[in-house]
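I have placed the structure first, in the form of structure tokens, so that the comments after it can refer back to it.
The values are calculated or read from the model by the stated rules, or taken from the named source; none is laboratory data. Just so you know, these numbers come straight off a predicted model, no measurement behind them. Neighbour counts run over all protein chains shown; Cβ positions are idealised from the backbone, glycine included.
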Amino acid sequence: MIAILYFLGAAAYAVLLFGWLFARASLISFIEEATPSASLGPALLLDVPGIVTAYFVVMAGLCCWIGIALQKLQRWAWFVSYGFAVFSFVLDVGLFAHMFHYLPLTLAVLGLLRFALLAWIIAYLSRTSIRAAFGLSRAGAARA
């Protein structure tokens, strides 16, 4: 299931990449409208177009690679996915708490849904059966 989320993430980065390459002004305008407090950030993106393009390419490839590795039950993919989820949750809690009062209702709801998704990913990857599938359970290690 989480592999599918990584594949969807790769597709989203691919869409952002094509939007960046072929409709840059529209993408910048969308970002500015969606986050009014970030009016300087999107304008700065125009000054570093190569870095933004490389970021979208790398992230699309990384998400696809991790998704494939999760499907193959590779141990490193479990660690990367778990680490990303915990790291994102911890960093986003502080940012969300600081920005909550300034966010439109739609973005606040999306932020809460993101926290719920991250909490679900952490709980799912922490399940004994999932850890065992990746070769991380204590019982599986004792048998080996």
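Things to note:
- Count - residues of the stretch 52-83 that are in the same structural domain as L118 (by TED's automatic domain parsing), hydrophobic (A, V, I, L, M, F, W, C) and out of contact with any helix residue (DSSP H, G or I) (no Cβ under 9 Å at 6 or more places or on another chain): 1
- Flag if L91 is closer than 26 Å to A69 by Cα, modelled with pLDDT under 90 and loosely packed, with under 14 Cβ neighbours inside 10 Å: yes
- Per the listing L110, L118, L91, L70, the residue uniquely within 22 Å of E33 (Cα to Cα) and out of contact with any strand residue (DSSP E or B) (no Cβ under 8 Å at 6 or more places or on another chain) is L110.
- Of all residues in the stretch 98-107, those satisfying the criterion of being part of a helix (DSSP H, G or I) and surrounded by 10 or more Cβ atoms within 10 Å (Cβ to Cβ) are M99, F100, Y102, L107.
- Failed item in (1) assigned to a helix (DSSP H, G or I); (2) surrounded by fewer than 14 Cβ atoms within 10 Å (Cβ to Cβ), with I130 passing the rest: (2)
- Meets criteria (outside any helix (DSSP H, G or I) and over 16 Å from G9 (Cα atoms)) for L125: no
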